[in-house]
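This report concerns only the one structure given below.
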Amino acid sequence: MTVDPNAATQSFPPPEPARRAPGPARYLVPALVAAAVAVALGVYGRTHHPSGIAFNLAGFSSTGAVKSWLASTAFFFALVQLASAFMVYGKLPGPRWSATLHRWSGRVAFLVAVPVAVHCLYALGYQSYSTRVMWHSLLGCFFFGVFSAKMLLLRSERLPGWLLPLVGGLVFTALTLLWLTSAFWFFRTFGVTT
């Protein structure tokens with residue numbers, strides 16, 4: 001028996017086992033969590049009797065002013081996050097630390113938005129007495145639902161390249177519409193006050 005010295009007998013390292021395609025549960029779970037969060041906030045806001053308790057910060061004339069400035073700050077950091085996302089995906093030139101800027105601007109935007117949302121939900125509840133307020137209430141529930149889905153998808157591997165930008169775009173769009181139906185409306189109605 002002759003042996004071919006050039007023949008490969010075994011490849012090192014051994015080939016990786018074939019990976020299965022991601023199942024629908026990988027996308028269904030974040031979608032269900034998003035729906036559950038949005039519905040839970042809406043139900044709580046609708047069934048909870050609004051307390052009317054307002055918070056205020058020193059230097060501001062009203063709760064509306066505080067909330068409008070906090071919402072505007074969140075919106076500013078959301079704009080930073082949008083620009084840094086374009087840098088991360090190579091659509092805009094940017095520094096190497098664009099990904100860090102993206103993560104931290106998102107964290108700051110969320111942390112600044114939370115006190116506003118808690119006050120809206122607890123003190124005012126889910127309201128529908130005008131079209132603007134109804135849309136604001138719906139968008140608030142939607143924002144926190146889709147934000148929850150985005151946070152779950154961030155840790156998933158092998159996502160389609162379009163999915164995370166799509167969900168991030170929904171988060172940004174919801175926050176923009178929330179800002180337009182609250183802070184922008186407040187500044188147009190009452191003036192840019194502190």
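In segment 36-194, Cα pairs under 8 Å separated by at least six residues give a relative contact order of 35 percent.
Per-residue 3J(HN,Hα) values for segment 125-141, derived from phi via the Karplus relation 6.51 cos²θ - 1.76 cosθ + 1.60 with θ = phi - 60°, read x, 7, 10, 9, 6, 9, 4, 4, 5, 4, 5, 4, 5, 4, 5, x, 5 Hz in sequence order (x marks Gly and Pro). Leu166 exposes around 90 Å² of accessible area when a 1.4 Å probe is run over every protein chain in place. The gain in end-to-end length when the Lys91 to Arg107 segment is fully stretched comes to 3.5 nm, 0.36 nm per residue minus the alpha carbon separation. The residues Val43, Val112, sorted by heavy-atom accessible surface at 1.4 Å with ligands and nucleic acids left out, run Val43, Val112 from largest to smallest. Return the inverse of the average 1/r over all pairs of distinct C-alpha atoms in segment 61-194, which is the Kirkwood hydrodynamic radius, in Å to one decimal. So the Kirkwood estimate lands at 15.7 Å. The listed residues Phe190, Phe86, once ranked by accessible area (1.4 Å probe) with the largest placed first, stand as Phe190, Phe86.
Just to confirm a number: summing +1 for Lys and Arg and -1 for Asp and Glu over residues other than Phe147 whose beta-carbon lies under 15 angstrom from that of Phe147, what do you get? Charge balance in the 15 Å sphere: +4.
With all protein chains in place and ligands, DNA and RNA left out, the 1.4 Å accessible area ranks Arg188, Arg107, Arg132, Arg96 as Arg96, Arg188, Arg107, Arg132, largest first.
3J(HN,Hα) along segment 176-191, derived from phi through the Karplus expression 6.51 cos²θ - 1.76 cosθ + 1.60 where θ = phi - 60°, amounts to 4, 5, 4, 5, 5, 8, 10, 5, 4, 4, 4, 5, 5, 7, 10, x Hz, with x in place of Gly and Pro. Expressed as a fraction of 2.2 N^0.38 Å, the value expected for a compact globular protein of N residues, the C-alpha radius of gyration of segment 123-194 is 1.37. Rolling a 1.4 Å probe over the protein heavy atoms gives segment 87-171 an accessible area of 60 Å² per residue. Shape analysis of segment 77-117 based on the Cα gyration tensor places the equivalent ellipsoid semi-axes at 22, 9, 5 Å, largest first.
The values are calculated or read from the model by the stated rules, or taken from the named source; none is laboratory data. These figures come from a predicted structure and were not determined experimentally. Using ideal geometry, Cβ is built from the backbone for each residue, glycine included, and neighbour counts are taken over all protein chains shown. Protein only, heavy atoms only, side chains kept; ligands, DNA and RNA dropped before computing areas. Shrake-Rupley method; radii C 1.70, N 1.55, O 1.52, S 1.80 Å.
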